[in-house]
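Peer 1: Here's a structure for you.
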Amino acid sequence: MGSSTSIHHHFAFQNAEKAFKAAILIQRWYRRYVARLEMRRQCTWSIFQSIEYAGQQDQVKLHDFFSYLMDHFTPDSHHEKEFLDRMFTEERFPQEAEMEKYSDYESIEVPDSYTGPHLSFPLLPDHATALVEAFRLKQQLHARYVLNLLYEARKHLAQLPNINRLSTCYSEEITVCGDLHGQLDDLIFIFYKNGLPSPERAYVFNGDFVDRGKDSIEILMVLFAFMLVYPKEFHLNRGNHEDHLMNLRYGFTKEVMQKYKVHGKKILRILQDVFCWLPLATLIDEKVLILHGGVSDRTDLELLAKLDRHKIVSTLRYKIRKENDRQTEEKRKAHQTSSAQTSTPWFLPQSRSPPSLPFHLGSDKAHKASLSSSVPCSALLEHTELAWLGRRSVDQELERCQQRASFPGIWEKEEPLPQTSEAHTVPGELPEPTLQEWRQVVDILWSDPMMQEGCKANTVRGGGCYFGPDVTEQLLQKYNLQFLIRSHECKPEGYEFCHNRKVLTIFSASNYYEVGSNRGAYVKLGPSLSPYIVQYQANKATHMLTMRQRISRVEESALRALREKLFAHSSDLLDEFKKHDADKTGLITLTDWATAVESVLHLGLPWRMLRPQLVNSSMNNTLEYRSWLKDLAKEQLSRENIQSSLLETLYRNRSNLETIFRIIDSDHSGFISLDEFRQTWKLFSSHMNIDITDDCICDLARSIDFNKDGHIDINEFLEAFRLVEQSSSEGQAADCPQSTNANDSGCSSSAPWEFWKKKINPT
Amino acid sequence: MEPARRFCSSPAASQRQGAVNGKGEEGGLQFNSITPWGAELFTQLSGSVLNPQLKKKKIEHATSYKRGKLALAEFHKKIKEAFEVFDHESNNTVDVREIGTIIRSLGCCPSEGELHDLLAEVEEEEPTGYIRYEKFLPVMTKVLLERRYRPIPEDVLLRAFEVLDSAKRGFLTKEELIKYMTEEGEPFSQEEMEEMLSAAIDPDSNSINYKEYITMMVIDEN
């Protein structure tokens, strides 16, 4: 605001009127000030949410990629089959006999030096309370007790129905909490403010207990302990993060392995089973339905009530095991006879070129050719553009491919369901869930409400649906319900009503994106079933800040995250900017800047709004883009002392690569053994028709094992990836990064990485 | 300018309105409180529309016309983007309660009364609780073109506080501020009042040094 215009303003009012008019002026000014803050807050929110959901899409695609490979892989030995089982599902459903094995926790010694809490079963209220107190003091529960508690929890959960029914007659009020995401402070705060669970104080926790936060295992322990102490008053619903595949990416797997170095694997294994036993929904007084995500136009509570929930191992992947055994023959036939009509899935090269391979390991020449064509020249750009311009086109492509290849995915809906799998049930084994059953569960764990009528695929998250008010209304009428409580989405106020107050979102992880980003909330229901909402911020520091300070703080961290994203795409951005700079002036308009940035990042953000915070100089409405990119790099470099081009690659791929690493590291040892590496390669090569000998694979593994200790750790894994990325972007097709074995064995180590890089991390 | 009659509720606004009407060209150049894109647009418009004698050559005219069009397009993008921030369902509608935030974040500073009038213009005949983008865009474009509801300059704001500080002490007590803001003008809600107090009141003296306050808030905004 300037001050030079004051000459035109003077105040010549009557006294009484003066105050009135002065007040109105101040109020007008202040309301505009607040509105601009609100706009900034909204933009901040968009940044966090876009980045979060983009990550989820990556996760879904990654698993589709591996699923596809596995579905088309023919294991030729018992050993390989076992590996595959382990890779995604760890184990078949543990039968009772197998579960007995899990009870060997008794043989685990608790050393005298252990100062943490002790548990004995049956659990008493004091045990559970002591557990909360111990965790508050940052103590750790011994693995023996963790396993013991999980064992008991599983036993209890297994007897529960899919849909729990509660009544407000027994407890005066029932408290419903949403996502906790490993934020123990929030759980403790809820207990502190609302009271510990007791026969008078019933609780329902509506899923997403784990991932993201740092105390996921502690939260599970507390929740399971109270569930065992108060089986009638304490209830849990499954969320989309109670899923071992989600845990690979979002931190829970890592947390468990770090906290329990010796018994972590065992804990994870039993947890996978415990998660499948979590009930899917809770119904209060037959009137209020509580589930994690939402509903869809095909949600059928009767079906949900009677399906075998334990069969739904993961909502990320439908049908994983056994198919290989049973359908191998059919598939082989299908491949031979109808290879023409089976289309390539989205993550494979959309071969407009002749159906030759993108690279061939056996031939050095072919390899060179392929590498040089994958250098970021126009050819690659074209490919990138064709396949990846906009998420929508990706999903359409994907949908098309899935339909043609009858590759079950979570995008499809409506078309007749192929009821194939259950017919193949092998006697003595648990049957697979039908696709229909699996979808029912995906929908209730992943869906979000929308304002428009109808029901459509949730492309933003990559799973579940968006459901409109009409879908809600139909469901409520059909089952004679009053309203729906769901969680799954972070809300600034911790809760939000929509669909004419028929849907209540409740989210209990406060400060989810950043300190001050959002409040948490829980809701209490008495016999009248009218929701009473309580909001809170578990972090005391935020109470002292003004709204402006709070927003600025959160905004800063959102912008930091965004700049990190921008930096991670520096090269793509530069290419895009150049397109807008036909005259090579080094300058582009800010409109072009906004267009270019969105076309590279696909985050759907209000770039013009954010511009003042992201672009410092707005001289004549133009931007000197090279120096802008340089500044971005400077900011990242000052924090990590590495060369910027390498850093860019790492930033862009880190979370996908870490997830891949954990998938390959199927025994969760923290290392990829030669065996694991070989099995993974078999998987790739069989589908890609790559001739690769065991010797080649060994060489490959050895070359990645930089410190020659016999296995590949996460740093070596990232390093290998980075080297390939680097060499290819420099356009040195002939120079393989690991020169030690590049050519002598007739196969190159870089091709597979090149392949991974392109297929797995398309954007 | 037909819509000018709506301005009567705010003396400062009607004065500025006078300035715009009377000295259009001058206003277009001197407005440094207007956002840069708005100023640019206005300069172009006043160049080509209000100042016909500037059209010396056809080419020049064509260029400036083209630039004006470009600027208008950029203008629309700006409005669209602000709208989209609150269009949570991506279906070109926003909650009617957000409209004030959108208009104000676009650099306008209407009173509640003026906002109410604007709302009436963009609402459906039978209000649905939502505002459609197609309705909003032309009204908002016009508001910006006509440069209605200009932001309040720092010194004018200071004068307003001085009016309330009749004893000329340089500060208002917390009680005085609450009284004026919740009883005069277009009263603040309790929430608005608390939020303003949290940043404005110095806890030691329990009063607001409004000069410092304004300086702080203005810096903060840029």
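Peer 1: Would you grab the residues whose amide H sits under 5 Å from the one on A:L166? Only those 5+ places off in sequence or on another chain, please, with H modelled 1.01 Å from N.
Peer 2: Those lying under 5 Å, H to H, from A:L166 are A:L283, A:I284, A:D285, A:E286.
Peer 1: Using modelled backbone amide H atoms (1.01 Å from N, in-plane), which distant-in-sequence or interchain residues come within less than 5 Å of B:Y130's amide H?
Peer 2: Correct list: B:V96.
Peer 1: Turning to a different aspect of this structure: Work out the FRET efficiency for A:Q549 and A:F706 from their Cβ-Cβ distance, taking R0 = 51 Å, and round it to the nearest 0.05.
Peer 2: Once rounded, the FRET efficiency stands at 0.60.
Peer 1: Tell me, what is the percent relative contact order of the stretch A:548-638, built from C-alpha pairs under 8 Å that lie six or more residues apart?
Peer 2: Once divided by the residue count of the stretch A:548-638, the mean separation gives 35 percent.
Peer 1: Give me D for the stretch A:225-300 in µm² s⁻¹, whole number, from Stokes-Einstein with Rh from the Kirkwood sum over alpha-carbon pairs, 10 °C and 1.306 mPa s.
Peer 2: 110 µm²/s
Peer 1: Suppose we look only past 18 Å in the calculated P(r) of the stretch B:154-217. What percent of the Cα-Cα pairs does that tail hold?
Peer 2: Cα-Cα pairs of the stretch B:154-217 separated by over 18 Å account for 31 percent.
Peer 1: Just the number, please: buried accessible area between A and B, total of both chains, 1.4 angstrom probe, nearest 100 square angstrom.
Peer 2: 6000 Å²
Peer 1: For the stretch A:450-548, run through the trypsin sites (Lys or Arg not before Pro) and keep only the ones in DSSP coil with at most 13 other Cβ atoms within 10 Å of their Cβ.
Peer 2: A:R501
Peer 1: Please report the relative contact order for the stretch B:154-217, taking Cα pairs under 8 Å with a sequence separation of at least 6, and give it as a percent rounded to a whole number.
Peer 2: Here the relative contact order equals 39 percent.
Peer 1: Next up: For the stretch B:132-222, which chymotrypsin sites (Phe, Trp or Tyr not before Pro) pass both filters: DSSP loop (anything but H, G, I, E, B) and at most 15 other C-beta atoms within 10 Å?
Peer 2: Here no chymotrypsin sites (Phe, Trp or Tyr not before Pro) fit, given the DSSP loop and packing criteria.
Peer 1: Return the FRET efficiency for the residue pair B:E112, B:K211: r is the Cβ-Cβ distance, R0 is 30 Å, and the value is rounded to the nearest 0.05.
Peer 2: 0.70
Peer 1: Could I ask something else about it? Cα gyration tensor of the stretch A:454-532, axes a ≥ b ≥ c as square roots of the eigenvalues: rounded (a/c below 1.5), prolate (a/b > b/c) or oblate?
Peer 2: It is oblate, given that a/c is not under 1.5 and a/b is not larger than b/c.
Peer 1: Can you compute the label reach from A:Q482? Point 7 Å from Cα along the Cβ direction, backbone N cut-off under 20 Å, restricted to the stretch A:164-184.
Peer 2: A:164-178
Peer 1: Right, here's the next one. Hey, got the average number of other protein chain Cβ atoms within 10 angstrom for residues in A:445-454?
Peer 2: 2
Peer 1: Now for a separate question. Rg/Rh for the stretch A:244-284 to two decimals, with Rh computed the Kirkwood way over all alpha-carbon pairs.
Peer 2: Checking Rg against Rh, the ratio lands at 1.10.
Peer 1: For the stretch A:548-638, rounded, prolate or oblate, judged on the Cα gyration tensor with a ≥ b ≥ c (square roots of eigenvalues), a/c < 1.5 rounded, else prolate if a/b > b/c?
Peer 2: Prolate, since a/c reaches 1.5 and a/b exceeds b/c.
Peer 1: Label B:V218 and B:K174 with points 7 Å out from Cα along Cα→Cβ: what is the distance between them in nm?
Peer 2: It is 2.7 nm.
Peer 1: So, in nm, how far is label A:D575 from label A:D470 when the simple model puts each one 7 Å beyond its Cα toward the Cβ?
Peer 2: Placing both labels 7 Å beyond Cα along the Cβ direction yields 4.3 nm.
Peer 1: On the Cα set of the stretch B:55-146, report Rg and Dmax in Å, please.
Peer 2: 15.6, 51
The values are calculated or read from the model by the stated rules, or taken from the named source; none is laboratory data. Small disclaimer: the values here were computed from a predicted structure and weren't measured. Methodologically, a virtual Cβ is constructed for each residue, glycine included, from the backbone with ideal geometry; neighbour enumeration extends over all protein chains shown. Note: areas computed on protein heavy atoms with side chains; ligands, DNA, RNA excluded. Shrake-Rupley method; radii C 1.70, N 1.55, O 1.52, S 1.80 Å.
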